[in-house]
1. Exactly one of (1) touching a Phe, Trp or Tyr at 6+ places or on another chain (Cβ under 7 Å); (2) of a type outside the set (D, E); (3) farther than 24 Å from I211 by Cβ is unmet by N128. Its number?
2. Step by step: first the residues of region 173-196, then only those that are assigned to a helix (DSSP H, G or I) and not polar (S, T, N, Q), then the one that is surrounded by the fewest Cβ atoms within 10 Å (Cβ to Cβ). Which residue is that?
3. Where residues in region 71-96 are of a type in the set (A, V, I, L, M) and within 16 Å of the ligand (Cβ to nearest atom), which of them is nearest to E136 (Cα to Cα)?
4. Quick check on Y191: is it within 23 Å of the chain's Cα centre (by Cα), more than 23 Å from T114 (Cα to Cα), touching a residue at least 40 places away in the same chain (Cβ under 8 Å) and within 16 Å of the ligand (Cβ to nearest atom)?
5. Conditions: (1) surrounded by 15 or more Cβ atoms within 10 Å (Cβ to Cβ); (2) closer than 15 Å to I160 by Cβ. I215 meets all but one. Number of the miss?
6. Test each condition in (1) basic (K, R); (2) assigned to a loop (DSSP other than H, G, I, E, B); (3) more than 16 Å from the ligand (Cβ to nearest atom); (4) buried (at least 18 other Cβ atoms within 10 Å of the Cβ) for K170 and report the one that comes out false.
7. Among the numbered criteria (1) among the β-branched types (V, I, T); (2) in contact with a helix residue (DSSP H, G or I) (Cβ under 9 Å, 6 or more places away or on another chain); (3) surrounded by fewer than 16 Cβ atoms within 10 Å (Cβ to Cβ), which single criterion is violated by I165?
8. Give me the residue from region 47-63 that is surrounded by 12 or more Cβ atoms within 10 Å (Cβ to Cβ) and more than 13 Å from the ligand (Cβ to nearest atom) and, out of that set, farthest from K109 (Cα to Cα).
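Readers should treat all values here as calculations from the given coordinates under stated rules, not as data from a laboratory. This one's a predicted model, so the numbers in the text were calculated from it and none came from an experiment. Cβ placement follows ideal geometry from the backbone for every residue including glycine, while neighbour counts extend to all protein chains displayed.
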Amino acid sequence: MFGCVTGPYKASNKSYKKQVKAFAKILAEYPIKDSVSNAPYFAGTTNFNLRKPNFVILHHTAQNSCEQTLTTFTMARTQVSAHYVICKDGTVHHMLNDYFRAWQAGVSKWGNATDINSLSVGIEIDNNGFEPFTDEQINSLMQLLDRLKRAYNIPTANFIGHADIAPGRKVDPNKYFPWQKLADSGFGYWYDTTNIMIPDSFNVIQALRIIGYDIKRPEAAIQSFKLHFDQADSTNVMTDADKKILVDLVKKYQ
Ligand SMILES: [Zn+2]
């Protein structure tokens, strides 16, 4: 669909190419005009390459069809986008070169990183927010993640959800998302609470912070944690079972 000369994305494809050309011009600039006043001596290094994404952020679209999402991401006024959109039948639409910055994470935080858009590839999965994901979608997703992980050497810990990086603001992907299946293939971590004891001094909020959660609003961070690691329970109460999960996870993220 993307390569079609005519069709619904003709105008946005044209705009895409025009914007890429403008960015290429910025990259080619040398000497760099902005730094003339404070760094006037130019000595081009021979040793460099492109910056790479280090995270993958997973989303559900919260829309009613793939078509609707593609339309949303090809209209300038919406100001939202993603690198990939995966339809219910498993079709993967590549909307933006991985090296560019998509507008998918919004105001977010993970560890001390705040400009997640600059650090990540964003993948949107067609899903209205309240339904399971299809096997075709998950199969396509796993293949895509495998390629991204190898191409950019993305750490296992850095496959996370929109809700993880924006507690209290985002709830995607929804509770049906198969995080454990992904972790089994090396995309994100899962837990094993066999023989795990909760230390007397265990601090839930500090543990969430070690994993990466923004703990400015503790109850929101707990909610995001549970959406990812204890999907059957939608409360923001940390049970002993949840605490054991966290005790084990902290070891993996340290
Ligand atoms: Zn999202």
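1. For N128, the exception is condition (1).
2. D184
3. I86
4. Values: within 23 Å of the chain's Cα centre (by Cα): yes; more than 23 Å from T114 (Cα to Cα): yes; touching a residue at least 40 places away in the same chain (Cβ under 8 Å): yes; within 16 Å of the ligand (Cβ to nearest atom): no.
No; evaluated as a whole, the condition is false for this residue.
5. (2)
6. The number of the failed condition is (3).
7. Every condition holds for I165 apart from (3).
8. Among residues in region 47-63 that are surrounded by 12 or more Cβ atoms within 10 Å (Cβ to Cβ) and more than 13 Å from the ligand (Cβ to nearest atom), the one farthest from K109 (Cα to Cα) is K52.
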